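The values are calculated or read from the model by the stated rules, or taken from the named source; none is laboratory data. Note that the structure is predicted; figures quoted are calculated from it, not measured. Cβ placement follows ideal geometry from the backbone for every residue including glycine, while neighbour counts extend to all protein chains displayed. Protein only, heavy atoms only, side chains kept; ligands, DNA and RNA dropped before computing areas. Shrake-Rupley method; radii C 1.70, N 1.55, O 1.52, S 1.80 Å.
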Amino acid sequence: MRRTLGLLLSVGLTGCTTVNVAALPSSRDTRDVFVTTSDVQVPYQSLGLVQATRKGVLLFGFADPAGTSLEDGLRDTLLPEVRRMGGDGIMNVRFHQTQYALPTRLLFALLFFIPLPSQVTFSGEVVRLDPEGLPPPPPNSPSR
């Protein structure tokens with residue numbers, strides 16, 4: 001009985017699954033750019049590689065004042081860099097975000113005076129699409 005309880009506790013406290021979703025609103029953006037984790041199938045010009053990192057801490061195990069989430073990192077760090085380089089988008093994007101299991105977050109909520117380090121890093125290839133290689137826009141849609 002005691003061995004079974006110990007096994008259940010160890011499995012229950014170590015197993016975890018996290019799902020992060022990053023929605024990119026275009027209302028604040030001055031120019032739309034695309035983000036893809038794969039290649040594009042239209043002609044393009046490579047403007048170079050970019051890597052953007054955002055670091056901060058998680059307070060109380062959950063509060064993220066530095067914005068190290070995927071959405072904040074994309075919106076506030078990566079997309080402005082793509083626009084600065086004059087790109088239409090970024091392809092082959094790879095990302096890495098610090099993840100903590102729920103028991104760790106709960107422990108650091110109790111130990112509120114110790115912040116958890118957090119960071120998100122994006123990398124990819126900034127590209128400018130070739131206007132002659134793009135298919136014509138559908139009727140009744142705004143042109144680029």
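General observations
- Of residues in segment 83-105 being under 14 Å from the mean Cα position of the chain (by Cα) and either assigned to a strand (DSSP E or B) or at pLDDT 95 or above (or both), the one farthest from residue 46 (Cα to Cα): 97
- If you go through segment 76-99 and keep only what is out of contact with any strand residue (DSSP E or B) (no Cβ under 6 Å at 6 or more places or on another chain) and not charged (D, E, K, R), you end up with 79, 80, 86, 99.
- Subset tally (residues that are touching a helix residue (DSSP H, G or I) at 6+ places or on another chain (Cβ under 8 Å) and at pLDDT 90 or above) for segment 48-71: 4
- Verdict on residue 80 being without any contact (Cβ under 8 Å) to a residue 12 or more places away in the chain, more than 10 Å from the chain's Cα centre (by Cα) and assigned to a helix (DSSP H, G or I): yes
- Test: residue in segment 108-129 that is touching a helix residue (DSSP H, G or I) at 6+ places or on another chain (Cβ under 8 Å), open to solvent by 50 Å² or more (accessible area, probe 1.4 Å) and over 18 Å from residue 40 (Cα atoms): yes
- Each residue in segment 58-71 was checked for being buried (at least 16 other Cβ atoms within 10 Å of the Cβ), assigned to a strand (DSSP E or B) and out of contact with any Asp or Glu (no Cβ under 8 Å at 6 or more places or on another chain), and 1 of them qualify.
- The number of residues in segment 46-57 being in contact with a Phe, Trp or Tyr (Cβ under 9 Å, 6 or more places away or on another chain) and open to solvent by 20 Å² or more (accessible area, probe 1.4 Å) comes to 3.
- Boolean, residue 123 is part of a loop (DSSP other than H, G, I, E, B) and either within 30 Å of residue 35 (Cα to Cα) or modelled with pLDDT of 85 or more (or both): no
- Within segment 72-100, the set of residues being open to solvent by less than 40 Å² (accessible area, probe 1.4 Å), farther than 20 Å from residue 129 by Cα and touching a helix residue (DSSP H, G or I) at 6+ places or on another chain (Cβ under 8 Å) comprises 97 only.
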